Amino acid sequence: MKIDSIRLRNIRTFVDSGEILFGDGTISIYGENGAGKSTIVDCIGRAIFGFDPQGIKSAVIDHRGTKHKQGVVEYLLRKGATDGVIEVKFSSNGKAFSVVNRLSRAAPQTWELYIDERNSKLFGKEEKIGRAHV
């Protein structure tokens, strides 16, 4: 499997990252603190494998004096955004794949898997208890 690109919309530091292309060979992601390097890596793991980013294990939100663990939507969506999208394109054995993870403050998360630009209907189910059903 080769990861070809990622695009993030309303995810943490990115309003719209545009398509970030990954070439062949070793990939290096560099930038200043807070630029979004870890977000890119976290979102690849989130979209393809359903991993929760490391930061949400310890992150806590304080709502009017009541503290509770932050969920993945609150952790990943930009402040003030109601919806966001993580799209990762990859290829394997001559086929092109695209995974689209949609996050929303108002609706459950969804995943869609496209194989050679056709929706495979393998994903597309609502997330339940923090993980995608695959």
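The values are calculated or read from the model by the stated rules, or taken from the named source; none is laboratory data. Not measured: the values here are computed from a predicted model. Note that each Cβ is placed from the backbone with ideal geometry, even for glycine, and that neighbours are counted across all protein chains shown. With ligands, DNA and RNA removed, areas are computed over all heavy atoms of the protein, side chains included. Shrake-Rupley method; radii C 1.70, N 1.55, O 1.52, S 1.80 Å.
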Considering only the stretch 66-106, state which residues are open to solvent by less than 50 Å² (accessible area, probe 1.4 Å), farther than 22 Å from ASP24 by Cα, at pLDDT 90 or above and of a type outside the set (Val, Ile, Thr). LEU77, ALA81, GLY84, ASN101, LEU103, SER104
For the stretch 7-29, how many residues meet the condition of being crowded, with 17+ Cβ neighbours inside 10 Å and farther than 19 Å from SER91 by Cα? 6
For the stretch 73-124, what are the residues that are among the charged types (D, E, K, R), in contact with a helix residue (DSSP H, G or I) (Cβ under 8 Å, 6 or more places away or on another chain) and in contact (Cβ under 8 Å) with a residue 60 or more places away in the chain? GLU87
Which count do you get for residues in the stretch 30-55 that are free of Cβ contacts under 8 Å to residues at least 40 places away in the same chain, open to solvent by less than 70 Å² (accessible area, probe 1.4 Å) and part of a loop (DSSP other than H, G, I, E, B)? 5
Just checking, how many residues over the stretch 1-29 are part of a strand (DSSP E or B), among the basic types (Lys, Arg) and under 14 Å from LEU76 (Cα atoms)? 2
